[in-house]
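Visitor: The structure is given below, and queries will be raised subsequently.
The values are calculated or read from the model by the stated rules, or taken from the named source; none is laboratory data. Fair warning: this is a prediction, and the values are worked out from it, not measured in the lab. Neighbour counts are summed over all protein chains in view; Cβ atoms, including those assigned to glycine, are modelled from backbone coordinates with ideal geometry. Quick note on the areas: whole protein, heavy atoms, side chains included, nothing else; ligands and nucleic acids left out. Shrake-Rupley method; radii C 1.70, N 1.55, O 1.52, S 1.80 Å.
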Number of protein chains: 2
Amino acid sequence: MAQSDLREVSGKDDRIRARRLRETQNIFARLPATYAASRKQGQQILKRAAGLSIVEWRTLWDLAEVGPLTIRELALIQRTDHSLLSRALPDMRRKGLVEMRRDEEDGRQTIVELTTAGREAFDQAAPFMKRRREAMRAQFTPDELALFASFLDRFDDFLSQPIDDFLNEESAE
Amino acid sequence: MAQSDLREVSGKDDRIRARRLRETQNIFARLPATYAASRKQGQQILKRAAGLSIVEWRTLWDLAEVGPLTIRELALIQRTDHSLLSRALPDMRRKGLVEMRRDEEDGRQTIVELTTAGREAFDQAAPFMKRRREAMRAQFTPDELALFASFLDRFDDFLSQPIDDFLNEESAE
DNA sequence: AAAAATTACGTGACAAGTCATATATTTTTT
DNA sequence: AAAAAATATATGACTTGTCACGTAATTTTT
């Protein structure tokens, strides 16, 4: 590679580094990678600890904490779409982790309940997931964590706004 | 529905609310919903503004700012897997947004470059995306935003740690 | 009571990510 | 220079999420 080429590429590398760095301040731009890393870490721990997927873990946790729940309620707690659970639950039943039965009082609803095996799988994964939360929390002071959560609250509020509310405003500069 | 049932269900609703509230303090648990909402908002704006997907927008933006880039470099900037781009780019070429050519100096690499149409699509979407970033930033002071980003830095650092580093430690209580 | 509206769930189709593995090309080692 | 290692890309398979739409059951309105 010629001398001039070297200089050229290095200028490009600088521009790449600069762009990467700038995007670090852009919350929208960095959220995907942060979420992906968090998901990956969770999947890794759950797989090793109890052979569970994230959806399975969340569901077992909710059922262990709250007791029997409908699909709608599980989706509400997990802030996710009911279809995700609608698809995951039959598999979980097949694995013996949960029982599902039609609600006697409201025939539209399905009541999901932990089995003994489901409780055991939860008990097996729970200490590992707890250690993970503790290790994460140890990186922050309690005040910082509360502030972090409040920033996410504010960010969520912004995201729940109709887009026309800000798209039609004049640009700041 | 009988009186006793009403009381029972209301207790359950309280437990659901309590669980939902508690999970608000759990960064791991709320990240999926926040990310999903952010993605949805971006998709909505991009679709309306220029008929672009998120991956397409990011790629056009990077190319517009930095100039021609290889797939590897695009993935590096976007902090994502190269396979995502490997799949998206042929579509973008078909739509006339980018050109792709084999690097003469390194036959493994593909150089991606903006076309005129790609630049136009970028110019069309950019003001909307800018307004979005401004509207988001308006919810925070500059100090808060910097702090928010630094919290994400710290969270990312935690996530990049090998899981054994904390799984094998003793639990805090 | 019948009609209309709402709600719960299932399912198809898609987007945005991941990983693993194969292949071609370069680069490094011997 | 040949062999070995590393790198860039393509591709298949999977997970987690979305929305839209259909159907059955319940609730509300008329």
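Visitor: Exactly one condition in (1) facing chain B (nearest Cβ under 9 Å); (2) within 13 Å of DNA strand D (Cβ to nearest atom) is not met by residue A:53; state its number.
Guide: Here residue A:53 clears every test but (1).
Visitor: Identify the single condition in (1) exposed (fewer than 15 other Cβ atoms within 10 Å of the Cβ); (2) within 29 Å of residue B:138 (Cβ to Cβ); (3) not aliphatic (A, V, I, L, M) that residue A:101 does not satisfy, given that it satisfies every other one.
Guide: Result: residue A:101 fails condition (2) only.
Visitor: Which residue out of B:139, B:124 is open to solvent by 70 Å² or more (accessible area, probe 1.4 Å) and at the interface with chain A (Cβ under 7 Å from one of its Cβ atoms)?
Guide: B:139
Visitor: One residue is enough: does segment A:75-84 have a residue meeting the conditions away from DNA strand D (no atom under 11 Å from the Cβ) and without any contact (Cβ under 8 Å) to a residue 40 or more places away in the chain?
Guide: Yes, because at least one residue in segment A:75-84 is away from DNA strand D (no atom under 11 Å from the Cβ) and without any contact (Cβ under 8 Å) to a residue 40 or more places away in the chain.
Visitor: Listed residues B:46, B:21; which is within 13 Å of another protein chain (Cβ to nearest Cβ) and either within 17 Å of the chain's Cα centre (by Cα) or charged (D, E, K, R) (or both)?
Guide: Residue meeting the stated conditions: B:46.
Visitor: Let me ask you something else. Restricting to segment A:141-162, name every residue that is of a type in the set (A, V, I, L, M, F, W, C), within 19 Å of residue B:132 (Cβ to Cβ) and within 18 Å of the chain's Cα centre (by Cα).
Guide: A:151, A:152, A:155, A:159
Visitor: Suppose we filter segment A:21-44 for residues that are of a type in the set (Val, Ile, Thr), under 17 Å from residue B:140 (Cβ atoms) and free of Cβ contacts under 8 Å to residues at least 60 places away in the same chain; how many remain?
Guide: The qualifying residues number 1.
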